[in-house]
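Trainee: Can you keep this structure in mind? I'll have questions shortly.
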Amino acid sequence: MENTPLHGDDAKHKAQLDRLKAAAELGHDLAPGQPPLIETILGGKPDQWEQLKATFATRLADWAKIAEAARTIIAVKPHRLGAMNRPEHCEWLLERVDNAWIQLVYDWSHFEQRDMTLRDTAKAMLPRTRFVHVKDTVIEKGQARFVLPGDGKTDYVALLKLLKEHRYSGCVCVEVSGMVSSKQDYDPVAAAKKCYEKLAPAFEKAS
């Protein structure tokens, strides 16, 4: 997981390219036969899509060259607090970059409790998805807050069945948001056990 926003100045973009190269090299050093993909958001703010999309497309094409040369997939994730925050934004970018080394991350929590459905977002994104994050979203005082799986209302059986329906075969990984891990009383072992207790039965029911 990298954090390489595309909306900075040219110097920052150059630094991001160098960072992605280094991450890809590390991946090949760790697993030469099957290097891990690189996952990242793209940055910006929710109301900046129209303003930033052309810059995103141009700079994502530069990322694609890095990914192709390194034989490492870069998977980009729409984020509800970023400029690219809807499936149609992803589709627009992928059409313009048109490179198989740029793929998607699917994370329902970024669409949950918005004007979108689980089935529609999965249908739009899963054909190009190479990594799946899971966590829940709750709305408090009009603001979205990310929580652990099971602390919200995500139907994980339905989600996992959709992954199977679309023949997704990659990782399904719990993401512990900074909104959770930054709390003073956060216990990573207890969090891992809680997530397993929620997700293991869902995998059984969805199989």
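The values are calculated or read from the model by the stated rules, or taken from the named source; none is laboratory data. Keep in mind it's a predicted model, so treat the numbers as computed, not measured. Note that each Cβ is placed from the backbone with ideal geometry, even for glycine, and that neighbours are counted across all protein chains shown.
Trainee: Return the only residue of V138, V132 being farther than 15 Å from R80 by Cα, part of a strand (DSSP E or B) and either in contact with a strand residue (DSSP E or B) (Cβ under 7 Å, 6 or more places away or on another chain) or among the aromatic types (F, W, Y) (or both).
Mentor: The match here is V132.
Trainee: Looking only at the range 157-170, count every residue that is modelled with pLDDT of 95 or more and assigned to a loop (DSSP other than H, G, I, E, B) and tell me the total.
Mentor: Residues flagged as modelled with pLDDT of 95 or more and assigned to a loop (DSSP other than H, G, I, E, B) within the range 157-170 amount to 3.
Trainee: Also, quick follow-up: Mind telling me which of the residues F131, F146, F203 ends up being among the hydrophobic types (A, V, I, L, M, F, W, C), modelled with pLDDT of 95 or more and in contact with a Cys (Cβ under 9 Å, 6 or more places away or on another chain)?
Mentor: Result: F131 is the single residue among F131, F146, F203 that is among the hydrophobic types (A, V, I, L, M, F, W, C), modelled with pLDDT of 95 or more and in contact with a Cys (Cβ under 9 Å, 6 or more places away or on another chain).
Trainee: Please state which one of L52, L104, L42, L60 is modelled with pLDDT of 95 or more and part of a loop (DSSP other than H, G, I, E, B).
Mentor: L42
Trainee: Could you tell me which of the residues E2, E39, E50, E88 is more than 20 Å from the chain's Cα centre (by Cα) and within 30 Å of R114 (Cα to Cα)?
Mentor: Only one candidate passes the filter, namely E50.
Trainee: Here is a further query. What single numbered condition from (1) of a type in the set (D, E); (2) in a loop (DSSP other than H, G, I, E, B); (3) out of contact with any strand residue (DSSP E or B) (no Cβ under 9 Å at 6 or more places or on another chain) fails to hold for E197?
Mentor: Only one criterion is unmet by E197, namely (2).
Trainee: I've got another one for you. Could you give every pair whose Cβ atoms fall below 7 Å, whose first residue belongs to the range 161-185 and is small (G, A, S), and whose second residue is modelled with pLDDT of 95 or more and in a loop (DSSP other than H, G, I, E, B), counting only separations of at least 6 or pairs across chains?
Mentor: S177/K135
Trainee: Of all residues in the range 9-51, how many are without any contact (Cβ under 8 Å) to a residue 40 or more places away in the chain and surrounded by fewer than 16 Cβ atoms within 10 Å (Cβ to Cβ)?
Mentor: Result for the range 9-51: 20.
Trainee: Right, another one. Being without any contact (Cβ under 8 Å) to a residue 40 or more places away in the chain and loosely packed, with under 15 Cβ neighbours inside 10 Å is the filter here, so list the residues in the range 120-140 that pass it.
Mentor: The answer is D120, P127, I139, E140.
Trainee: Could I ask something else about it? Considering only the range 24-33, I want to know if a residue exists there that is among the aliphatic types (A, V, I, L, M) and within 28 Å of L148 (Cα to Cα).
Mentor: no
Trainee: What number of residues within the range 65-86 satisfy the criterion of being part of a helix (DSSP H, G or I) and surrounded by fewer than 22 Cβ atoms within 10 Å (Cβ to Cβ)?
Mentor: The qualifying residues number 5.
Trainee: List the number of the failed condition for P201; all other conditions in (1) in contact (Cβ under 8 Å) with a residue 24 or more places away in the chain; (2) surrounded by 12 or more Cβ atoms within 10 Å (Cβ to Cβ) hold.
Mentor: That leaves (1) as the condition not met.
Trainee: Does the range 27-39 hold any residues that are part of a helix (DSSP H, G or I) and under 19 Å from Q103 (Cβ atoms), and which are they?
Mentor: Scanning the range 27-39 gives G27, H28.
Trainee: Right, something else. Taking T154 as the residue in question, decide whether it is under 19 Å from I41 (Cβ atoms) and either assigned to a loop (DSSP other than H, G, I, E, B) or touching a Pro at 6+ places or on another chain (Cβ under 8 Å) (or both).
Mentor: no
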